[in-house]
1. Could you check, for region 378-394, whether at least one of its residues is under 24 Å from the mean Cα position of the chain (by Cα), loosely packed, with under 14 Cβ neighbours inside 10 Å and modelled with pLDDT of 95 or more?
2. Just a yes or no: is a residue in region 447-457 in a strand (DSSP E or B), in the same structural domain as residue 349 (by TED's automatic domain parsing) and more than 15 Å from residue 335 (Cα to Cα)?
3. Tell me, yes or no, whether region 273-293 has at least one residue that is at pLDDT 95 or above and farther than 30 Å from residue 352 by Cα.
4. I need a count of the residues in region 214-237 that are surrounded by fewer than 22 Cβ atoms within 10 Å (Cβ to Cβ) and within 21 Å of residue 418 (Cβ to Cβ).
5. Can residue 340 be described as of a type outside the set (Phe, Trp, Tyr), at pLDDT 95 or above and within 20 Å of the chain's Cα centre (by Cα)?
6. Mind checking whether some residue in region 360-367 is in a loop (DSSP other than H, G, I, E, B), aliphatic (A, V, I, L, M) and free of Cβ contacts under 8 Å to residues at least 12 places away in the same chain?
7. Return the residues of region 144-196 that are under 25 Å from residue 430 (Cβ atoms) and modelled with pLDDT under 95; say none if nothing qualifies.
Amino acid sequence: MGKYKRLALLAFVLAAFTLALSKAASWQVGFDFRLPQPVVLDAEPAPVPVVKKRRGRHAEPPQPRVVMGKLEAHLVSSRQHTSTHAASLVELKDGRLRAFWFSGSREGAADVTINSAIYDPTANTWWREQEVAGRKSTQRGLHRYIAKVGNPVAVRAANGELWLFYVTVSLGGWAGSSITLMTSSDEGEHWSTPRRLVTSPFINISTLVKGAPFFYADGTMGLPVYHEFISKFSEILRLDHSGKVIDKQRLASGGQGTLQPVVLVRSEKEALVLNRYSGKDADKRVVAMASEDGGRHWQAPHKNALRNPDAALTALVLEDGNMLAVLNDQENGRESLSLQLSEDGGESWHELHRLEEMNVLRNMAMSEGACLDVTEKLLRSSDPLLRTADTQTLAPYVESARPKVLGGGTCHFEFSYPYMIQTHNGDIHLAYTWNRTFIKHVRIDAHWLKNRLDAKGGK
């Protein structure tokens, strides 16, 4: 009897495999990329002439006043004494932003939830965060056991809805992940019942998401994903208008250590992918691959000039073709965060601005009090409401960061998992993990960016 059961099981598996292959063969997908909507810059304030006074009959000719622009920071997350990580951003229809991240007692804990908050650029402030999904609500929606959730990524779909992808695990670590999708037709106020993406006809595990989705010319969505089970490699999932997986492409073979791909669409035919490097080579650099035929084929992966300490990065393409990237510009650790510029399609990069820098404290002997003093200064520089706050107001923030910055007996700082978008008015918005304690938001307005590009010799 056992023999017949095994034969029946084998026949079932073969039938399922044949069905999957025939289904895959029936997929008809086009290629070429869809370019983002054009940026519409806000009107630049008219330069106010500055007249320098001097003695004599004539004044010096008027000198135009330069519009300097702004680079300013805020703390997004409002909960204290939690572990917070993996933010993403999406622009709402009215010009506000919505951020998503996960938060709980620790990464992977049962109490971790997917949270969200809204940024009002007119008031220049973030609203209080709210829970969007958690282990129990996801479990009810999927009708399966969920051990933990993580890595939310939001995008505006072709039909105008907000789609939220996030990682769920039923058994084991992150290598046992699958991707869950929820949709919203009211800008994130309410969400659909979660459903699981089917990325493989067998087992359907070990697919994670981190990078921003993009679109093909036919309106289907490209979702950059990665695998960690047995070997690590990057893929692109192709989703139809309902969110169903209709195709996928592996970008690198197992053993090349590529994770968390970021897809940069340069034209209808050209795109570049930047990957976190998680391999064993001593040369720790970002792994890149390119397509010149609309995503039909991808060139062999190669390491580029950007250093990478096995950490996530983010990047985007500006309207003039230049590229911006934010990453930990070092081969070990995550104590710094750098805004980088490429003017040659990603071949070379140079620093535009150092966003965070605490490498100087690495391996430095420092008392607990001195470390917390540094933490206090960093917090004050991270949010306008904390800049002039009294000690009593600031104390809960410092205490929230204490377990992270004092972990391991040293004074340690981490700035990681950046996520960057450009809004319709040309502003750049960046969100990233601040010491696993808060999510930090940096707004770079279009005038600041233009001035900095001009100063660096950009186009």
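1. yes
2. So far as region 447-457 goes, no, none of its residues is in a strand (DSSP E or B), in the same structural domain as residue 349 (by TED's automatic domain parsing) and more than 15 Å from residue 335 (Cα to Cα).
3. Among the residues of region 273-293, at least one is at pLDDT 95 or above and farther than 30 Å from residue 352 by Cα, which makes the answer yes.
4. So the count comes out to 2.
5. Criteria met by residue 340.
6. Yes, region 360-367 contains at least one residue that is in a loop (DSSP other than H, G, I, E, B), aliphatic (A, V, I, L, M) and free of Cβ contacts under 8 Å to residues at least 12 places away in the same chain.
7. 174
Residues checked against (1) in contact (Cβ under 8 Å) with a residue 40 or more places away in the chain; (2) surrounded by fewer than 23 Cβ atoms within 10 Å (Cβ to Cβ); (3) among the hydrophobic types (A, V, I, L, M, F, W, C):
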{"position": "241", "(1), (2), (3)": "yes, yes, no"}
{"position": "257", "(1), (2), (3)": "no, yes, no"}
{"position": "262", "(1), (2), (3)": "yes, no, yes"}
{"position": "267", "(1), (2), (3)": "yes, yes, no"}
{"position": "278", "(1), (2), (3)": "yes, yes, no"}
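The values are calculated or read from the model by the stated rules, or taken from the named source; none is laboratory data. What you see is a predicted model, and the numbers here were worked out from it, not measured in a lab. FYI the Cβ positions are ideal-geometry reconstructions off the backbone, even for glycines, and counts take in every protein chain you see.
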